[in-house]
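**Q** One structure coming up, written as structure tokens, with questions to follow.
Please treat every number below as a calculation from the coordinates, not as lab data. Just so we're clear, the structure is a prediction, and the values are computed from it rather than from any experiment. Heads up, the Cβs are rebuilt from the backbone with ideal geometry, glycines too, and the neighbour counts pull from every protein chain shown.
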Amino acid sequence: MSKETKGLSRRDFLKGAAAGSMSVAALGALGGCASSNGTESSAAETTVVAGGTYDVMSQFATTGRNQTEGVVAPTTPEEFITMKGDGKLQFAPGGAPLGITPADFMLNVPAWLGTAPDLGEPAGTEECDILVIGAGNAGSTAALRAQEMGKTVFLAESQTYDEYDEYACDMACYNSKLFLDKGTPEIDPLDIMNEYVRKALGHCNWKIVRDYAFRSGEMLDWMVEKYIPADYTVNYAKTSNYKGNDNFSGECAGQKSFRGMTQWRDADTNINMWPFVIRSLHSAIEELGGQMKWGYQAVKLVQDADGAVTGAIFKDIDGAYQQINAKAVIVAAGGYGGNADMRLDLSDSMRSLTWAYGNDRTDPTTLGGMGRDGSGIRMIMWTGGTMEGGPRAGMSIGINGAPGFAFGGAWPCFGPQGKRIMNESMCKFGSNGYLDTFPAGQLLVNVTDANWESYLSYQGYGHETMDRSADYMVEVVRANMAAYKTGADGFPVRSFARFGNESSTVYAAETLDELADLVGYTGETKTNFLAEVARYNELCAAGRDEDWGCDPQNLFPITTAPFFANFGTTGGIPFNGLVMLSGVNTDDYYRCTKGDKSVIPGLYAAGNTCGNRYGIQYATPTAGNSCAYALTTGYVAGECAANDLM
């Protein structure tokens, strides 16, 4: 503490702050050197935690509490202006830090990160121009793009060749010839870019978003025209909604929705074929002179004396360490959704949500998830890389989502009291409008009527609706719905949002009264439900939803029997969905950066390892954009790395 501030009392300090005479920097300096333990609090006012005792009561604010003798509240604007004097902002700086030790708070080197291991001498060493770690979507396109640009590339994958699998299928790639050749209108990529940035509330890397908006279609055409066998494209590439929904305007509740998702599925079995089709890219890498390294689990990146990344060390399938030296390394090893400890520490959105439910936010079992093991992110952080700033969400961080029909659709949604609870026309994902204010065990119900198929034709291209361009899907669902059965057991409808021949249960009734009984509305809640449907129908007739603001094009009355419902109850634990949305910081060219935003020479990130794509939450102007983002970032990162070596 400086001589100038040593004798300054807390009362004098706050007076100075209120007078606007101290800078923010000065306040920070004072806060940093203040004592962490108050002298006026009693023993009963202290809090004991794992490693110490802290006077939490010392942090109670004293601003505006008998600090100015004779003060009188102004009664006129003129008196208020006089009281404010020079008008400078007045604020309360808060209490001094408690001096909580790292053992009791958070660590700059968390336990899940640790330090890079000393692996000793490798059993073997190889050389290449560009090393790509991870043969998923991003790694496969990165390696192939760099290899065709004349660089010698090794693509290392932890899985073996025979066991290789992944769960990608849907990919939203805009302005691809696959769509344009079928008559889909071209979309202005600036509209696409701005919509994704708007969804991210600006919390993203504009260049990465721009690459996706402008180049995803180019990337898909590149794969299809040069490297994927034509019969695979003909048999399995389902161009979802290339015809569009007949009556959809392209915008709903102020949000744009775009055509452009390709699904790689077998029509007869509905099996996801992309894990097989992507092997064509791996074969092409080898045909062009690159190498696939199967069963190579990346353990550690290699750096030279100046900090540049010059390769990586792997554990092969036999447990031996192998080193691959390279002029550039692209890490595309996925995210950290499958690592419980990383989820807990890094996903502030998930951790905060579980805490909001009164659960232990230090317990990894209070968060659910799936995905990769986070090893790629860990290796990058060992070299000096940093994670993107929060909020860090999963693809779906909620625990209470509105139930959906097997065929999709944004339908009137009724809550535990039998009343509508939201604007159903908003493009959404995960928590469906953030319903996580509901306690566990609360009933949520979606309802439609005999005109369900017509209603779908007015809806967009997120996860809210099925692919109406895929005739085989429409025919099956139409037949299932036509064969409906009333009663408590419901009836099955093929769920084309999933893989294989899975079905979902839909419930049908000839009257709304009977439907209320089926879903579990009784007594007052049943009365509320029937009245709320009547109210909703009145709003539809008026063409304006005065209650929740549903887009007029999606306002359809529930009047024609049979009536259909899908329902469920709230509860569970926060879950990240397929992937986490946060990754490491990079510059505009996918080069990993340190805390001061300087580049780590030779190191790149793509796919879910790369951060600053989504901002606060997954968004679906088109379903399938997460996989396509990975493919596109890999494609461009491979190009960037190759260009940097030219």
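**Q** How large is the translational diffusion coefficient of the range 413-569 in µm² per second when you combine the Kirkwood radius over alpha carbon pairs with Stokes-Einstein at 10 °C and 1.306 mPa s? Before the final figure, lay out the partial values.
**A** Working: Rh = 16.4 Å.
Answer, rounded: 97 µm²/s.
**Q** Sticking with this one: Run the numbers for Y167 and E78: contour at 0.36 nm per residue of separation, minus the present Cα-Cα distance, in nm.
**A** Working: separation 89, 0.36 × 89 = 32.04 nm, distance 6.68 nm.
Result: 25.4 nm gained on full extension.
**Q** List R468, R215 from most exposed to least, where exposure is judged by having the fewest other Cβ atoms within 10 Å.
**A** On the way: R468 23, R215 20.
Lowest to highest Cβ neighbour count: R215, R468.
**Q** Roughly how far apart, in whole Å, are the Cα centres of the range 359-384 and the range 95-140?
**A** The two parts, judged by their Cα centres, are 11 Å apart.
**Q** Further question: Name all residues of the range 240-272 having a backbone nitrogen under 12 Å from the label point set 7 Å from the Cα of S457 along its Cα→Cβ direction, giving them as ranges.
**A** Correct set: 245-248.
**Q** Compute the signed sum of charges (Lys and Arg +1, Asp and Glu -1) over the other residues within less than 11 Å, Cβ to Cβ, of A509. Don't jump to the answer; show the numbers that get you there.
**A** Working: positive: K485; negative: D449, E510, D513, E514, D517.
With Lys, Arg at +1 and Asp, Glu at -1, the net is -4.
**Q** Let me ask you something else. Rg and Dmax of the chain, using alpha carbons, in Å: what are they?
**A** Radius of gyration, then largest Cα-Cα span, for the chain: 28.7, 87 Å.
**Q** In nm, to one decimal, how far is the A488 label point from the D588 one, both placed 7 Å along Cα→Cβ?
**A** 6.5
**Q** For Q291 paired with S249, estimate the spin-label separation in nm (one decimal), with each label point 7 Å from Cα along the Cα-to-Cβ line.
**A** 5.9
**Q** Now a separate question. Would you kindly state how much longer the chain becomes between L89 and R478 on full extension, computed as 0.36 nm times their sequence separation minus their alpha carbon distance, in nm to one decimal? Could the numbers behind the result be given before it?
**A** Values: separation 389, 0.36 × 389 = 140.04 nm, distance 6.38 nm.
Using 0.36 nm per residue and subtracting the Cα-Cα distance, I get 133.7 nm.
**Q** Using only helices, what value at 222 nm comes out for the chain when you add -39,500 (n - 2.57) per DSSP H run of length 4 or more and divide by the total residues, to the nearest 500 deg cm²/dmol?
**A** On the way: 19 runs with 188 residues, N = 646.
So the helix-based figure for the chain works out to -8500 deg cm²/dmol.
**Q** Too long at a 21 Å Cα-Cα cut-off: which of K151/K594; K207/K300; K177/K238; K177/K226; K182/K238?
**A** Values: K151/K594 27 Å; K207/K300 29 Å; K177/K238 13 Å; K177/K226 13 Å; K182/K238 12 Å.
As for pairs spanning more than 21 Å Cα to Cα, those are K151/K594; K207/K300.
**Q** Measuring from the lowest to the highest alpha carbon on each principal axis, how far does the range 310-394 reach, largest first, in angstroms?
**A** Per principal axis, max minus min of the Cα coordinates gives 49, 29, 16 Å.
**Q** Follow-up. Kirkwood hydrodynamic radius for the range 176-258: how many Å is it when counted over pairs of different Cα atoms? Write down the numbers at each step before the final one.
**A** Working: mean 1/r = 0.0693 Å⁻¹.
The Cα-based Kirkwood calculation yields 14.4 Å.
**Q** Still on this structure: What length, rounded to one decimal in nm, is gained on full extension from S503 through to T269, with 0.36 nm per residue of separation minus their alpha-carbon distance?
**A** Working: separation 234, 0.36 × 234 = 84.24 nm, distance 1.28 nm.
Separation in residues times 0.36 nm, less the Cα-Cα distance, equals 83.0 nm.
**Q** Kindly state, to the nearest 0.05, the FRET efficiency for D517 paired with L201, given R0 = 56 Å and r defined as their beta-carbon distance.
**A** Numbers: r = 43 Å, r/R0 = 0.77.
Approximately 0.85, to the nearest 0.05.
**Q** Sticking with this one: Once each part is reduced to its C-alpha centroid, what is the distance from the range 223-263 to the range 290-330 in angstrom?
**A** With the range 223-263 and the range 290-330 each reduced to a Cα centre, they are spaced 37 Å.
**Q** Could you pull out every whole DSSP H run in the chain that spans at least 18 Å of Cα extent along its own axis and averages 0.0 or higher on the Kyte-Doolittle scale? Don't skip to the answer; put the middle values down first.
**A** Details: long enough: 206-226 (29 Å, -0.48); 523-542 (29 Å, -0.24); 625-644 (28 Å, 0.12).
Flagged H segments are 625-644.
**Q** I want the local charge near D551. Using Cβ-Cβ distances under 10 Å, sum +1 for each Lys or Arg and -1 for each Asp or Glu among the other residues.
**A** Numbers: positive: none; negative: E251, E424, D545.
That sum, taken over residues with Cβ under 10 Å, equals -3.
**Q** Just to be sure I understand the model, the point goes 7 Å from the Cα along the line to the Cβ. What's the resulting A230 to T362 distance in nm?
**A** My value for the distance between the label points is 6.4 nm.
**Q** With θ set to phi - 60° and the Karplus curve 6.51 cos²θ - 1.76 cosθ + 1.60, what are the ³J(HN,Hα) couplings of the range 252-264 in order, to the nearest whole Hz, using x for Gly and Pro?
**A** So the Karplus estimates, Gly and Pro as x, are 9, 6, x, 10, 7, 9, 10, 7, x, 8, 9, 10, 9 Hz.
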